[in-house]
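Asks: Got a structure for you, written out below as structure tokens; questions coming shortly.
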Amino acid sequence: MKKLFLLASVAVLAILSSCSKNGKEGQSKSGGSTDVDPKVKELLSKMSLEEKVGQMTQVNINMILVDGYGSKDGTIDPALLDTAVVKYKVGSLLNAVPSAYSVDQWHAMIKQIQDAAQKTPNKIPVIYGIDAIHGVTFTQNSTLFPHNIAEAATRNPDLVAKGAKVTALETRASGIRWNFDPVLDIGRNPVWARFPETFGEDPFIVKTMGVATIKAYEEDGLKNKTAVASCMKHFIGYSNPATGKDRTPAYISEIQLREYYLPQFKAAVQAGSSTIMINSGEINGVPVHGNKYLLTDVLRTELGFQGLVVSDWEDIIRLHTRHKIAATPKEAVKIAVNAGVDMSMVPHDFSFYKLLIELVNENQVSKERIDEAVGRILTLKANLGLLDNPYGEADAKANFGKAEYSALALEAAREAMTLLKNDSVKGAPVLPLAKTAKVLVAGPGANSITSLNGCWSYTWQGADASKYPSTYKTVAQAISDKLGAKNVSILGNANYKDAANYDSKALAAKAKASDYIILCLGEDAYAETPGTIFDLNLDPAQTALAKAAIATGKPVILVLIEGRPRIIKDIVPGVKGILQAYWPGSQGGAAIADVLFGDYNPNGKLPYTYPMYPNMIMTYDCKFSEIDEELTPGIFSQTGYKYQFPFGFGLSYTKFTYSNFKLSKDSIQGDDKITVSVDVTNSGTRDGKEVVEVYTRDLFASITPPQRRLRGFNKIELKAGETKSVNFELSKDDLAFVNADLKTVTEDGEFEVMIGDFKKIFRYKN
Ligand code: BGC
């Protein structure tokens, strides 16, 4: 027995050692250094099966707290801690209960946990994981940035990277080195409750922003106090459940999976992400936690990922309890571990530990598989410097809460703001409003701090305002700061369910003394499955309030504070201005006020198609047959891409004129590149930023081609009157698609390239 075990250890060491031969010496494709730390080798050769399986076990912090989920302040119960860390030797803990802790408390808790780990035979430190998906959720006074859906609207990967860097700094300052982020799920179904966590409907944007985030987290080197390990999630196909309900089945063909869901993970692996989390759902009847083809053949062999695979919450046992592909919990563990899951986010008991030990002893899971998984876990710990110093780094604390971080959160929120409508009132666009105006600020979003910040904000749901820093401002407060309280009348409160928010008589009465009504509607914070909805329409009470506001005859500016685009078809014609604010984070109130009153010229662009009807969910890259309409039998018009606002839409207070659109060649062959250029002039009177986007279209292809695909974007800043040239270089990779043989190919033929209203055709030949 012992001899076999040693042989297995030698085998896994050989696998680990070979990693350093790939690519740059000491740098893996999948994050951090792959020069196998001598400590990892030594540990693996000394560890018992129990210790190894313990390393593969991750439990939630409630398991070690006094009163568990009822914990008032996060106090650790030493006996429970010993049970988890010493008796069951768990390798990882996650989360916070019941809310955010201070930096110092985190350090003290991490110390207690790591001290317990010192009592285990090989003193292997615990790795703590946390969801810091738009800033550090679970540390008091952390800096919260706009959610990904808003970050995507900025079309500014550098800005996204700067925000992610702050998140890395504040996470590490909290004594935590593993962040379950970025979300690489593609937002193609706005009904889904996690849509706001995505970078929207386009794979190129998701990939670009995801890679920017990963680099910001990891590029300093994981040992550095400025870095955290990233976790790409949720692999793969989580974001498009057929019903729209979270964690329910998706039906995605492999062509679609490879075209829209895989490229961002491929790019993220190449960018060096250290870990990956698995989709809780199923695709075509196979739960992803049990899908060896996806978790091993595609992820490991094809993408070359060498890092750690962690399950999502309770998702191994759910192969039995929920998905019903495993007749027993033990079979569930066997399926998941053999499919390729290295660490189980169990998270509420030690069943995984017990069952996996049994499975190994019964030869149902091999020792090689265990060593492979544990090798990856220990390598991550070594890469993060945990084997050298498992405690919170005292000097990293200085990186928390710097004043410049709020300025950055403001910049990100401002760049996200997307102006969707700006109709004339008395001969001029209604926005920006004069600072001398008297305004009524109404709607439940006007007084809410939680709806500005959305999910994962000091609590999981983000919906508890009492947990937020007192410095955060609502839209109503930010507008009052700008105009002076006497010019601002406010209706309602932060409770989305309170009838007082929808009192149309009170609204009409208050509107009398106001020049404009600023109506803040949308969604309060929610996260994951509790955010499931059955109707994408805006809440009827909010729609009724908007109609009442329009009926006053005062110009209405609609400010949408929402994670998902809720249907607003019936109120769009009656309002004069619409500002999409998404969930803009800690500085959202100020950013909204800055745009409304002209202190900032908006430049955000929709990262999704804003639907007009709940049953007409379309993406901009739909197929030709999808945009056909046959209003008269036999006569087709291409008017069927029905939207409220199209993908990429967003107005400015200045005017940008495009000219001089050119292609460097009219045909390319093989690996040739073609340059597409256009001049952009700020022909208005205000300085501003403009996002230039380039699209291509394959005129004819062996798989029905989409109308167009985004291939590049560039955000430029132009002074009034200034002109700049923008160039994009396209190669055959930008023209490729996944064909019926699941190969990514570029077929010979004609391609159209589009910028703004310009288009030109060129030929490609292999
Ligand atoms: C979510 C993950 C998250 C995990 C840990 C799960 O419910 O799906 O995104 O990382 O919880 O909090």
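The values are calculated or read from the model by the stated rules, or taken from the named source; none is laboratory data. Just so you know, these numbers come straight off a predicted model, no measurement behind them. As a convention, Cβ positions derive from the backbone with ideal geometry for all residues, glycine included, and neighbour counts pool all protein chains shown. Heavy atoms of the whole protein, side chains included, go into the accessibility calculation; ligands, DNA and RNA do not. Shrake-Rupley method; radii C 1.70, N 1.55, O 1.52, S 1.80 Å.
Asks: Mind grabbing the accessible area of Met754 for me, 1.4 Å probe, Å², rounded to tens?
Replies: Its accessible surface works out to 20 Å², give or take rounding.
Asks: A follow-up question, please. Once the Cα gyration tensor of segment 403-527 is found, what semi-axes does its equivalent ellipsoid get, as square roots of 5 times the eigenvalues, in whole Å, sorted largest first?
Replies: Semi-axes from the Cα gyration tensor: 25, 19, 14 Å.
Asks: Below 8 Å between Cα atoms, with a sequence gap of 6+, how large is the relative contact order for the chain in percent?
Replies: After rounding, I find 13 percent.
Asks: Next question. Rounded to a whole number, what % of the accessible area of the chain do carbon and sulfur atoms account for, probe 1.4 Å?
Replies: Carbon-and-sulfur percentage of accessible area, whole number: 52.
Asks: Consider just the alpha-carbon atoms of segment 654-765 and return their Rg together with their Dmax, both in angstrom.
Replies: 15.7, 53
Asks: Another question about this same structure. Can you tell me the mean projection area, over all orientations, of the convex hull of segment 417-611's alpha carbons? Units nm², please.
Replies: Computed as one quarter of the Cα hull surface, the answer is 10.3 nm².
Asks: Relative to the compact globular guide of 2.2 N^0.38 Å, what is the alpha carbon radius of gyration of segment 586-649, as a ratio?
Replies: 1.60
Asks: Let me ask you something else. Where does each of Glu368, Glu254 land when they are ordered by accessible area, with a 1.4 Å probe and the largest first?
Replies: So, going from the largest accessible area down, we get Glu368, Glu254.
Asks: Around Lys473, with a cut-off of 13 angstrom between Cβ atoms, what is the net charge of the other residues, counting Lys and Arg +1 and Asp and Glu -1?
Replies: -1
Asks: Sort Glu404, Glu50 by accessible area with a 1.4 Å probe, largest first.
Replies: Ranking Glu404, Glu50 by accessible area, largest first, yields Glu404, Glu50.
Asks: Let me ask something else about it. Please report the accessible area of Lys655 (heavy atoms, 1.4 Å probe, ligands and nucleic acids excluded) in Å², nearest 10.
Replies: 120 Å²
Asks: Using the 2.2 N^0.38 Å rule of thumb for compact globular proteins, work out how the chain stacks up: its C-alpha Rg over that value, please.
Replies: 0.97
Asks: Once the piece of chain linking Tyr251 and Gln669 is laid out straight, how much longer is it, given 0.36 nm per residue of separation minus the C-alpha distance between them?
Replies: The span from Tyr251 to Gln669 would gain 146.8 nm if fully extended.
Asks: How big is the convex hull of the Cα atoms of segment 195-307, per residue, in Å³?
Replies: Cα-based convex hull of segment 195-307, divided per residue, equals 100 Å³.
Asks: Now for a different question. Along the charge dipole of segment 553-632, which of Leu560, Gly589, Tyr620 sits closest to the positive end, that is, farthest toward it, with unit charges on the beta carbon of Lys, Arg, Asp and Glu (+1, +1, -1, -1)?
Replies: Value computed over the given set: Gly589.
Asks: Near Lys324, within a Cβ-to-Cβ distance under 13 Å, what is the net charge of the other residues, with Lys and Arg +1 and Asp and Glu -1?
Replies: 0
Asks: Next question, about the same structure. Taking the Cβ of Leu483 as the center, what net charge do the other residues with Cβ under 10 Å away carry, scoring Lys and Arg +1 and Asp and Glu -1?
Replies: Around Leu483, the charge tally is +3.
Asks: Dipole magnitude of the chain about its Cα centre, charges +1 at Lys/Arg Cβ and -1 at Asp/Glu Cβ only, in debye to the nearest 20?
Replies: 720 debye
Asks: Would you work out the charge dipole size for segment 238-360 about its Cα centre, treating the Cβ of every Lys and Arg as +1 and the Cβ of every Asp and Glu as -1, and quote it to the nearest 20 debye?
Replies: That gives segment 238-360 a dipole magnitude of about 140 debye.
Asks: Where does the chain land at 222 nm, in deg cm²/dmol rounded to the nearest 500, when only DSSP H runs of n ≥ 4 count, each adding -39500 (n - 2.57), divided by all residues?
Replies: Using -39500 (n - 2.57) per qualifying helix, the result is -8000 deg cm²/dmol.
Asks: Where both partners of a DSSP beta bridge lie in the chain, what percent of those bridges are antiparallel, to the nearest 5?
Replies: Of the beta bridges lying entirely in the chain, close to 55 percent run antiparallel.
Asks: Just the accessible area per residue of the chain, please: how many Å² with a 1.4 Å probe?
Replies: 36 Å²
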